[in-house]
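Take a look at the structure set out below.
None of the figures in this text is laboratory data; all of them are computed from the coordinates on show. These numbers were taken from a predicted model, which means no experiment stands behind them. Heads up, the Cβs are rebuilt from the backbone with ideal geometry, glycines too, and the neighbour counts pull from every protein chain shown.
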Amino acid sequence: MNGKVPARQFWSSRTAFLLATIGSAVGLGSIWKFPYMVGDNGGGAFVLVYLGAILIIILPLLIAEFAVGRRGGGSAVGSFANVAEESGASRSWGLAGVLGAVASFLILSFYSVVGGWTLAFIPLTASGSFTGAGVPEIAGHLTALLADPMTLTLYHGLFMGVTAVIVMLGVISGLERAVTILMPLMFAIMAVLVVYALVTADGFAAARFLFTPDFSKITANVVIDAIGLAFFSISVGLGAMITYAAYAGRDIDLSETALITIAADTFISFMAGFAIFPLVFSYGLDVAQGPALMFQVLPVAFSKMPLGAFVGTAFFVLLFVSALASAISLLEIFVSWLVESGIPRLIAAPSAALLCWFAGLGTVYSFNLWSGVHPLDGVRGFENQTIYDLLDFLTSNIMLPLGGILVAVFAGYVMRRSAVLEELGWKEGVIAWAWFLAIRFITPLAIILVLVWKFTPSGNAGG
Ligand code: PHE
C-alpha cells in the first residue's frame, strides 16, 4: 500500500509524535491570533463558540486526520489516495489533499511574514528598546516596523529560509530535538507572563471579558471567524496532521494524542489571553486593534517588570520557535507531496519556500504600500479588506472548513469502518458510536450550515 513512499520514516517515540503535533498546533494561532480575534469579536461570545467548535468539529476531525494519515502512510495527497484505493474508492480522493496543499501554501505565505515580526522583535527587545518606555512609544515600534516594507521583507525571508532548511534536512530529526526542549520552555515563559499580568493588572476585567458571553454578539461572522480560528489553531483541515500521522508508529494511541494536542493548544490560547487582556484593561488600551494587539500589549509588561528585557527577549525567541514548528508542518504538507511525486527533498523544499516567500510579499505590502488596495472593493462585506485580510479569510474560513468536510465524508463514508476502528484501537461501543455520529453527521452539517448562513443575505456576508 505504501509502495509510493520512499523510505518511510517514523517518529522515534510516542512523545516525539505528540510534541510534533503540539508543535504544529501551538504557534502564532494561539498566542497572536486568538487574543486579537477575541478582542475584535467582543470577547466571551466568541470564546464560547470557539470552544464549541473545538469540541464538536475539530476533535472528531483531528482524530480522523490521524487515522487517515497513519493508514495511508504518505503525504496528505498520497494518504487520501492510498486509503481510498484500499477501501475500493477512486484514487482521485487525492484531490482532497491537493486542496490542503494549496491552503498550506497560502497560509505559510502570510504566516512567515508575521513570523518575521517575531524575529524583528528579538533584537528590539534585547537592546532594551522597551525598558521604561511609555505606552505610545511602545506601540510606535510595531507601527514603524509595519511601515517599512524592506525590513519586513528581509525578516520574512529569514523566517522562510530557516523553515526551508529544516524541511530540507528532514522534518523528523530536526524537529524532534527542537520541540522536545523548547515547547516546555514556551509553557514556562507564558506562565511567567500570566502571573505578571494577574498580579500587576486587572485579571478580573480580563476574566469577565473572556468568560461573560453576550449572546447578542453571535452573528454569522462571529461564528465563522471562531470556527476558522479553531481550524487554524489546531492545524486541521489541510492535511498537516495527516502528514505527521503518516510518520507515526503502530504503538501510538491516536485519539489520546488528539485530546492532548487540543488541550495543550487551548490551554496556551487562554494563557495568552490572560497575559494580554489584564494589561489591555489596566492601561486603557484598545481590545479591538487587530493583528497589532499582542505586539503592542506584551511589551508594556516588558517595559515595567524586573528583568523585562531578558524576559521579553526569551518570550520572542520562544514565540519564534513555536511559530517555526508550525511553519515547518505547513511547508512539509507541500514538500512531502512533491517528494512523493519524485522531486528530491533538497530541491523541493527550497523551491517551494522561495515561491511562498514571493507570494508573501502581498501580505508584506498589505501593511504599507498596498494598505489601500482592496481587491474585492465591489463585494459587500469585503470592501475594506487588504490582500492579507482576504488570504486569511479565504484560507481559515473557507478552505480549511471545506477540507474539514472532505475529511469527515472520507473517514465517515469512504474509509472502511474496520480500518478506522483498527487505526484508532477502538472496539464497537459508545466512543466509536459517538465519533461516527459526529464525523458522519454533526461535523459536516455544522460546517455546511455555518457556511450557508454566512453566504445568505441574512448572514451579512464578509467582514
Ligand atoms: N496551528 C498553527 C498555529 O496556530 C498554524 C498552522 C495552521 C500550522 C495549519 C499548520 C497548519 O500557529
Once phi for every residue in region 356-371 is put through the Karplus expression 6.51 cos²θ - 1.76 cosθ + 1.60 (θ = phi - 60°), the whole-Hz ³J(HN,Hα) values, with Gly and Pro written as x, are 5, 4, 4, 4, x, 4, x, 6, 3, 6, 4, 9, 8, 3, 10, 5
Which aspartates and glutamates, if any, have their Cα less than 12 Å from the Cα of K454, not counting same-chain residues under 8 positions apart? D225
Which ³J(HN,Hα) values in Hz, rounded to whole numbers, follow from the phi angles of region 77-90 under the Karplus curve 6.51 cos²θ - 1.76 cosθ + 1.60, where θ = phi - 60° and Gly and Pro get x? 5, x, 5, 4, 5, 4, 5, 4, 4, 4, 8, x, 10, 6
Report the Cα centroid-to-centroid distance between region 315-337 and region 435-454 in angstrom, as an integer. 29 Å
Just rank W433, W93, fewest to most, by other beta-carbon atoms within 10 angstrom. W433, W93
Mean separation of Cα contacts under 8 Å (6+ apart) over length of region 264-401, as relative contact order %: 9 percent
Taking the Cβ-Cβ separation of Y283 and V102 as r and a Förster radius of 35 Å, what is the calculated FRET efficiency to the nearest 0.05? 0.25
Shape verdict for region 191-287, please, from the Cα gyration tensor: rounded (a/c under 1.5), prolate (a/b greater than b/c) or oblate. oblate
Given an 8 Å cut-off on Cα distances and at least 6 residues of separation, report the relative contact order of the chain as a percent. 34 percent
Region 132-148 and region 233-309 have their Cα centres apart by a whole-number Å value of 23 Å
Summing -39500 (n - 2.57) over the DSSP H runs of n ≥ 4 in the chain and dividing by its residue number, what mean residue ellipticity at 222 nm do you reach, to the nearest 500 deg cm²/dmol? -22500 deg cm²/dmol
Provide the packing ranking of 287-294, 212-219, i.e. peptides ordered by the mean count of other C-beta atoms within 10 Å per residue, highest first. 287-294, 212-219
With a ≥ b ≥ c from the Cα gyration tensor eigenvalues, square-rooted, and the rule rounded for a/c under 1.5, otherwise prolate when a/b > b/c and oblate otherwise, the chain is prolate
Centre separation in Å (Cα based) which lies between region 357-379 and region 166-189: 32 Å
Got a sec? Charge dipole of the chain, +1 on Cβ for Lys and Arg, -1 for Asp and Glu; which of T219, A45, A240 is way out at the positive end? A240
Considering the zone a paramagnetic label at A191 would reach in this model (a point 7 Å from Cα along the Cα-to-Cβ line), which residues of region 257-281 have amide N under 17 Å from it? 264-275
P(r) tail fraction, region 60-196 - alpha-carbon pairs more than 18 Å apart, %: 73 percent
Output the relative contact order of region 160-292, whole-number percent, from Cα pairs under 8 angstrom with separation of 6+ residues. 47 percent
Which whole-Hz couplings ³J(HN,Hα) result when phi for each residue of region 404-412 is put into the Karplus expression 6.51 cos²θ - 1.76 cosθ + 1.60, θ = phi - 60°, listed in order with x for Gly and Pro? x, 4, 4, 4, 5, 4, 5, 6, x
Angle between the chain longest axis and helix 44-53 axis [Cα atoms, degrees, rounded to 10]: 20 degrees
How much length is gained if the chain between A147 and L198 is pulled fully straight, taking 0.36 nm per residue apart and subtracting their Cα-Cα distance, in nm to one decimal? 15.1 nm
By the mean-Cβ-within-10 Å protection proxy, highest first, 23-30, 45-52, 372-379 rank as 23-30, 45-52, 372-379
Pop the C-beta distance of R250 and T180 into the FRET formula with R0 = 25 Å and round what comes out to the nearest 0.05. 0.70
Take each of the peptides 424-430, 263-269, average the number of other beta-carbon atoms within 10 Å over its residues, and list them starting from the highest. 263-269, 424-430
Under the classification rounded if a/c is under 1.5, otherwise prolate if a/b is larger than b/c and oblate if not, where does region 341-463 fall, given a ≥ b ≥ c as square roots of the Cα gyration tensor eigenvalues? oblate
